[in-house]
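Below is one structure, written out as structure tokens, with a few remarks after it.
No lab work stands behind these numbers, since they all come straight from the coordinates. As the structure is a prediction and not an experimental result, all values here were calculated from the model. Cβ placement follows ideal geometry from the backbone for every residue including glycine, while neighbour counts extend to all protein chains displayed.
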């Protein structure tokens, strides 16, 4: 089964584009990036990005749903969602480079899970960003391998 995004579904109810990038059904490293232009402006203005990938709720054609959240008026706001075909450094780098190109700014701080592919990709794409990792995920990952 393939997912094909019809044009009328690529906009929000209020009109703005919602599908920023869709690499195509035949791409083995398929990537769909879903923010609005307003949400991209929140990324531009935010000094802290919190990112996370989840596997349980992703459609079966994708390996994970990847999210970036920022604080807006003291509230945690999800501003970018992306469906990733895999969880490789290559696809994370592709995602971050595309976001960097569109946002044209680096966060001062980024908070993420302790996952080597994500960390390497962030370091490649955002050289001036301070990276903090989630202690819980680091310890639980270590515990799994002990």
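Brief remarks follow.
- Stokes-Einstein translational diffusion, the range 73-146 - Kirkwood Rh over all Cα pairs, 0.692 mPa s, 37 °C, in µm²/s: 240 µm²/s
- Computed FRET value (nearest 0.05) for residue 109 with residue 27, which takes r as the C-beta separation and R₀ as 25 Å: 0.20
- Potential extension, residue 71-residue 124 segment - 0.36 nm per residue separation minus Cα distance: 16.7 nm
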